[in-house]
Amino acid sequence: MPAARVAGIFAIFISLPAVIGLLGDEPSAARVAAVAAALVVFFAFFFQAVRGRLHPRPPAVVARAYVIDLVIAGTLTVADRPDWSLLFYYVVAMGALRLPRPWNVVVLPVTSLTAGLTATAGGGNTSAAWGQALGLLGIGAAMVAMGEIMRTNRELVEARAEVARLAVADERERFARDLHDLLGHSLSVIALKAQLARKRLPHDPERAAADVADIEAVTRDALREVRQTVSGYHRPALDAELEGARTALDAAGIDATIDRPRVALPPDVEAVLAWTVREAATNVIRHSGARHSVIRVVPALGEATVGGATNGAGHGLAGLEARLHQAGGRLEAGPRDDGPGFRVRAVVPVESGR
């Protein structure tokens, strides 16, 4: 139940003794009107301050309501009846629940002291007045604890919403990266095969037909991989990607040397290395103008590395770097030190037992 509704229910019971006492005095119409107007203003500011369970009012709004209600409660207690000191329970609850630290603690002694002084000045029993002041301290402390719980709940709700937003953003980034890697490689191979088929068609229709069959096979594989990626289950195999890279490089007229030791790798590591081979081979074909390319897989204690060198530079490695960073690895890309060309090296941690 919202705090404002709970406060409205308790307002009837807390204010009832003071209202009965006021009517028992046979007050004038002017006095009743003045008290009624003061109560209307009091509760208007109170409800304005306590509304909003998930989105509380700004501290300045709560502080203004606290000061106004403190003055109204004190004025009614002194000028009308000491029974109106019961309104201080609302004042201390509002300040303790809604004011930020450390002001939610400061209001406790301020409200208690004001209640005790005004009740004594209004003609109330001194011991009862200061006993109520002590009670306000206890109630206020409980309200401070409740306010902290409410703040913690709000922070948890906000944190949960932020986690959900980040999860959606990460999934969109993963999906975009996978589609880029999948379609970039497949479309590059299709374009190369189409060019070869067009050149061979007049003079060598049989080899042109084989190129067209390769185009059909690559297209079907790309469609299958896109469907798997959409479903979130795609995990490329390193050996398959190495073979695909050899085929694509050969079709582009690039001499490919591939060194793949027969060592078992964890599926997650193999998938990251497979993405590296695909992206690097695609960049070599599309951007390098290379004549020769080398791909080596190097398993070592604690890590596995796939690296490649070519005599031309490539681009578009930002998505691959993000993928490796997510897997706890690193990407090294830059000009070769031992001659012309470009080197791409991906290092992924592996369990030492493997």
- Among residues of the stretch 231-257 being among the charged types (D, E, K, R), within 44 Å of the chain's Cα centre (by Cα) and at pLDDT 80 or above, the residue most open to solvent (accessible area, probe 1.4 Å) is Glu243
- Item | Residue among Leu201, Leu113 that alone is open to solvent by 60 Å² or more (accessible area, probe 1.4 Å) and under 30 Å from Leu99 (Cβ atoms) | Leu113
- Kindly establish whether Arg5 is modelled with pLDDT of 65 or more and open to solvent by 60 Å² or more (accessible area, probe 1.4 Å). no
- Message: Looking for something at negative phi and outside any helix (DSSP H, G or I) - is there at least one such residue anywhere in the stretch 161-178?
- Response: no
- Item | Residue among Pro109, Pro100 that alone is touching a residue at least 24 places away in the same chain (Cβ under 8 Å), part of a helix (DSSP H, G or I) and not acidic (Asp, Glu) | Pro109
- Return the residue satisfying two criteria in turn: it lies in the stretch 215-225 and is at pLDDT below 85 and touching a helix residue (DSSP H, G or I) at 6+ places or on another chain (Cβ under 6 Å), and of such residues it is farthest from Ala290 (Cα to Cα). Glu225
- Residues satisfying the stated conditions in the stretch 144-155, i.e. open to solvent by less than 50 Å² (accessible area, probe 1.4 Å) and modelled with pLDDT of 85 or more: Val144
- Message: Just to check your reading of the model, which residue among Leu183, Leu134, Leu187 is under 24 Å from Tyr89 (Cβ atoms), open to solvent by 50 Å² or more (accessible area, probe 1.4 Å) and without any contact (Cβ under 8 Å) to a residue 60 or more places away in the chain?
- Response: Leu134
- Message: Taking the conditions exactly as written (at pLDDT 85 or above, touching a Pro at 6+ places or on another chain (Cβ under 8 Å) and among the hydrophobic types (A, V, I, L, M, F, W, C)), does Leu87 satisfy them or not?
- Response: no
- Task: Kindly establish whether Glu279 is buried (at least 16 other Cβ atoms within 10 Å of the Cβ) and outside any loop (DSSP other than H, G, I, E, B).
- Result: yes
- Quick check, is Arg160 surrounded by 15 or more Cβ atoms within 10 Å (Cβ to Cβ) and either within 22 Å of the chain's Cα centre (by Cα) or among the aliphatic types (A, V, I, L, M) (or both)? no
- For the subset of the stretch 32-54 comprising residues that are open to solvent by 60 Å² or more (accessible area, probe 1.4 Å) and of a type outside the set (A, V, I, L, M, F, W, C), which member is farthest from the chain's Cα centre (by Cα)? Gln48
- Task: Could you please find all residues in the stretch 195-208 being assigned to a helix (DSSP H, G or I) and in contact with a helix residue (DSSP H, G or I) (Cβ under 6 Å, 6 or more places away or on another chain)?
- Result: Leu196, Ala197, Arg200, Arg207, Ala208
- Just need a number here: residues in the stretch 258-276 that are open to solvent by less than 40 Å² (accessible area, probe 1.4 Å) and assigned to a helix (DSSP H, G or I). 7
- Note on the structure: Taking the stretch 55-69 and keeping residues out of contact with any Pro (no Cβ under 9 Å at 6 or more places or on another chain) and open to solvent by less than 30 Å² (accessible area, probe 1.4 Å) leaves Ala65, Tyr66, Asp69
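The values are calculated or read from the model by the stated rules, or taken from the named source; none is laboratory data. All values reported here derive from a predicted model rather than from experimental measurement. FYI the Cβ positions are ideal-geometry reconstructions off the backbone, even for glycines, and counts take in every protein chain you see. Surface areas here come from the heavy atoms of the whole protein model, side chains and all, with no ligands, DNA or RNA. Shrake-Rupley method; radii C 1.70, N 1.55, O 1.52, S 1.80 Å.
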